[in-house]
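Here is the structure we will look at.
What follows draws every value from the coordinates through simple rules; no lab data is involved. Here the structure is a predicted model, which is why all the values come from computation and not from measurement. Don't worry about glycine lacking a Cβ; one is built from the backbone with ideal geometry, like all the others, and counts go over all protein chains shown.
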Amino acid sequence: MSKEYFNPVQTQCKMIIDRVIVTEEELRNYLDNLRKKQIKKIALDMEGDQGSFRYKYSISIFQCFDGEESVIIDVQLMGNNSVLREFLTCQDITKVMFSFSNDVFMAQNVLGCTIAPVNDIAAAQKLLGLPINIANYLNIDKGKKDSFQRANWLIRPIKPELMEYAINDVLKLLEIEQRFADELVEKGLYTTYLNSTIGISERNFIVNQHCQYEAKYPGYMRMSYEKRLKAAATWIFRELLGEKLNCPVGYILSRSALKNIINNDKDLVFAIEKEINRGRNPHKRISKQAIQTLCDKAMQSPHLPSPPPKKRKRKHSPKLQNAKLYN
């Protein structure tokens, strides 16, 4: 166990969290032990950052419970590795999760793998005609749960209250899922339930942020081609700067700033400089030269929109022209 966990988390959560895995070797031993115990199902959840605190998406931890042992897998300390990808995709251990599509999105974009097979409690609730909700079953206030999910999970050591929330999120999942599974068997819906998650695990969720302007730039679909080109270059510029500074792009240029840039008749560098330095202290302003460099790079991007096809002039046939002459 890393020195980063010799802190109040260890003492305050020791009755809840059996261990924290921080190395690939420890994870290999954990996976081998699951198979040795012939564990076929584990409860699984994930905490991370989807561009709120850093530029790139990050997975902080996976929390697991096999019915006996509660475990935190610290992905941030361990890093991506083949054992982690095997753990998430091994077919001999079903992962019990709740509404897991975003977890697959994160796993694909951060780790380069999916999560499968999965029994999704939300899918069971939908088939049974129940409200899709897990907070009520975990006896946690939904607002409090949302605040925990929005917390900064990238800071080490992780705060004790966050660790406690994380592990409590999975301790009851196996029991809850089994209860719904029994109902689905009675109603003849269990096979439908098992098959309902396959498509999500197999779907390609990988995104290229440089290409997201069409879906996310305010008003993009109503723009002329010239404005679309300007919008795309602005979007790609923002991504390049966010990556350079390791900063969430929303802090660099807000949605309203993106609108202002498009409506500014000046050249792109001038419009971006005006918005990006608005309200900044002089020593924190981004220089025009730095903006120009990244704008030039953005304008050379292969992800810019293609120009619209030229409209062909319609040629009238001689018969039609003669008909017009005699009418």
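Given the range 100-151, report the % of alpha carbon pairs whose separation exceeds 16 Å. Walk me through the numbers before you get to the answer.
Values: 769 of 1326 pairs.
Value for the range 100-151: 58 percent of Cα pairs lie more than 16 Å apart.
Between the alpha-carbon centers of the range 28-98 and the range 164-235, tell me the distance in whole angstrom.
Answer, in whole Å: 19.
Does anything in the range 214-248 have its amide N under 20 Å from the 7 Å Cα→Cβ label point of residue 204, and if so which residues?
214-216
With no solvent and one point per C-alpha, what does the Debye sum give as log10 I(q)/I(0) for the range 74-131 at q = 0.13, 0.21, 0.30 Å⁻¹?
-0.38, -0.82, -1.23
State the extension gain, in nm to one decimal, for the chain segment bounded by residue 132 and residue 86, taking 0.36 nm per residue of separation less the distance between their alpha-carbons.
Values: separation 46, 0.36 × 46 = 16.56 nm, distance 2.95 nm.
Gain in length upon complete extension: 13.6 nm.
With a ≥ b ≥ c the root eigenvalues of the C-alpha gyration tensor of the range 8-114, is it rounded (a/c under 1.5), prolate (a/b larger than b/c) or oblate? Don't skip to the end; give the middle numbers.
Details: a/c = 1.58, a/b = 1.20, b/c = 1.32.
Oblate is the answer for the range 8-114, as a/c is 1.5 or above yet b/c matches or exceeds a/b.
Please compute the Kirkwood hydrodynamic radius over the range 3-202, one decimal place, Å, based on all pairs of different Cα atoms. Walk me through the intermediate numbers first.
On the way: mean 1/r = 0.0579 Å⁻¹.
Hydrodynamic radius (Kirkwood, Cα only) of the range 3-202 equals 17.3 Å.
What residue among 199, 231, 264 has its Cα farthest toward the positive end of the dipole of the range 171-274, where the charges are +1 on Lys, Arg and -1 on Asp, Glu, each on the Cβ?
Result: 264, furthest along the dipole toward the positive end.
Students often get this wrong, so check it: of 95/126; 56/144; 37/159; 216/297; 145/172; 126/172, which have C-alpha atoms separated by over 24 Å?
On the way: 95/126 18 Å; 56/144 26 Å; 37/159 32 Å; 216/297 21 Å; 145/172 15 Å; 126/172 19 Å.
Distance filter (> 24 Å) returns 56/144; 37/159.
Rounded to the nearest 500, what is the 222 nm mean residue ellipticity of the chain from helices alone, with -39500 (n - 2.57) per DSSP H run of 4+ residues and division by all residues? Mind showing how you got there, number by number?
Working: 18 runs with 156 residues, N = 327.
Computed ellipticity for the chain at 222 nm equals -13500 deg cm²/dmol.
When only C-alpha pairs under 8 Å and at least 6 residues apart count, what is the relative contact order of the range 209-299, in percent? Show your work: numbers first, answer last.
Working: 77 pairs, mean separation 26.3, N = 91.
In percent, rounded to a whole number, it is 29.
Using DSSP, restrict attention to beta bridges with both residues in the chain and report what percent are antiparallel, rounded to the nearest 5.
Working: 12 of 21 bridges.
In the chain, approximately 55 percent of DSSP beta bridges are antiparallel ones.
Between residue 274 and residue 290, what is the spin-label point distance in nm, taking each point 7 Å from the Cα along the Cα→C-beta axis?
About 2.1 nm separates the two model spin labels.
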